[in-house]
Amino acid sequence: MQEPPSNAFEEKSILKMLLTDDGSYTLFDSESGELFHNRAGALTEALHNYLKPSRALDTLISAGQLRVLDVCFGLGYNSFVLLEEALRTEVPGRISIVAIEKDPAVLAMCTEVLKDERLSHLRNCIGERFPQSGFTYENGFITIEMQIMPNDFRTVITELTCDFDLVFHDPFSPRNAAQLWTVDIFKQYQRLLESRSGAVLTYSSAVAVRSALRMTGFDVRRTAAVGGKSGGTLATLNSSYYSDEYKCFSLSCQEEGRLLTSSAVPYRDPSFSADSRTVSNLRQQELKKISEQRKPA
Ligand SMILES: C[S@@+](CC[C@H](N)C(=O)[O-])C[C@H]1O[C@@H](n2cnc3c(N)ncnc32)[C@H](O)[C@@H]1O
């Protein structure tokens, strides 16, 4: 990871952008101590863990529309890479994105992200400044509607009623933000995807995350590895639509095996309001109970 050269933009901003190995930017989150993206590249991660396995453009071609819920929108890479590809390839149809990001200071940095030449089609259609509440764009072949909700997604998720084709789930890791990876959140995604043949995509391959998705009724697959990581997860209610051909693979025997161990005990928070420590402690208590029950009498 190299730091970008100092410039006026950096001096003005509170958050410091860092360059990843593919030349795209990420941010450092001081609360979790995590980078927003894989060091191999923010853009590369969006492409391999989100866009490619999602079959987003196939869905757009076959249905004429695509509805995406982008949770923890951050610098916007997951949606931006999708929109750039749709604009570049001139796939006709309507793309609607509901993006949720709680930090306005992060949203303010999206304008810098859009300066990347690899996002030039998108920049040309929305202009130099990224509109923080979203935008609508229409030309002869494509209509784009992006709505940005400036909320903690847990406070709005139960109220969302639209049907989505895809959910991009991109919070900080379960180790630091356990409250954002609960079985209760995944049940909401199941509800929002139910009438479509869609999928939830995330960079995480954590056993507790995959098991929670499976418990909720999803078929779980592994997506391609990015950098040194082991590959993310695609969870779908329509397993016949996704296969190795689309860069999402059946879990290996080892991965299946881990789902049978105590690591598979999920995070829970039916209140949608607990903090990470409370959610982790509850999981520890559940693990303890299970191990006591397993002890020979
Ligand atoms: C790992 S970064 C996301 C990276 C992002 N998808 C991108 O492409 O740049 C996590 C983001 O989630 C946001 N976030 C954390 N907790 C949240 C919550 N409860 N609701 C909404 N956004 C949240 C953070 O502000 C941060 O921008």
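The values are calculated or read from the model by the stated rules, or taken from the named source; none is laboratory data. The structure displayed is predicted, hence computed values, not measured ones. Using ideal geometry, Cβ is built from the backbone for each residue, glycine included, and neighbour counts are taken over all protein chains shown. Surface areas here come from the heavy atoms of the whole protein model, side chains and all, with no ligands, DNA or RNA. Shrake-Rupley method; radii C 1.70, N 1.55, O 1.52, S 1.80 Å.
Highest GNM mean-square fluctuation among Q284, Q254, Q147, for the chain modelled with Cα contacts below 10 Å: Q254.
Summing charges over all other residues whose Cβ lies under 12 Å from the Cβ of P150, with Lys and Arg as +1 and Asp and Glu as -1, gives -2. Pick out which of T216, T202, T155 has the largest mean-square fluctuation in a Gaussian network model of the chain, springs linking Cα atoms closer than 10 Å. The residue that fluctuates most here is T155.
The candidates Y137, Y50, arranged from most to least accessible area with a 1.4 Å probe in the full protein assembly, appear as Y137, Y50.
If one takes the longest principal axis of the Cα atoms in the chain, at what angle in degrees, from 0 to 90 and to the nearest 10, does the Cα axis of helix 77-89 lie? So the helix axis and the longest Cα principal axis differ by about 50 degrees.
For the range 52-294, the convex hull drawn through the C-alpha positions has a volume of 129 cubic angstrom per residue. Summed over qualifying helices (DSSP H, 4 residues or more, each -39500 (n - 2.57)) and divided by its residue number, the chain shows a 222 nm mean residue ellipticity of -8500 deg cm²/dmol. Exposed loop sites were defined as GluC sites (Glu not before Pro) in DSSP loop states (anything but H, G, I, E or B) carrying at most 16 other C-beta atoms within 10 Å; in the chain the longest segment without such a site runs 195-297. Rank Y267, S30, Y242 by how far each Cα sits towards the positive end of the charge dipole of the chain (+1 on Lys, Arg Cβ; -1 on Asp, Glu Cβ) and give me just the farthest. Among Y267, S30, Y242, the one farthest towards the positive end of the dipole of the chain is Y267. H48 contributes about 60 Å² of solvent-accessible surface, heavy atoms of the protein only, 1.4 Å probe. Once the Cα atoms are used to define both axes, helix 183-193 deviates from the longest principal axis of the chain by about 50 degrees.
Quick note on the range 1-155: its Rg to Rh ratio, both from C-alpha atoms and Rh being the Kirkwood radius, is 0.95. The length gained on full extension between R175 and N151, counted as 0.36 nm times the residue separation minus their Cα-Cα distance, comes to 6.5 nm. The local environment of T26, defined by Cβ-Cβ distances under 11 Å, has a net charge of -3 under the rule Lys, Arg +1 and Asp, Glu -1. Angle of helix 276-294 to the longest C-alpha principal axis of the chain, folded into 0 to 90 degrees and rounded to 10: 30°.
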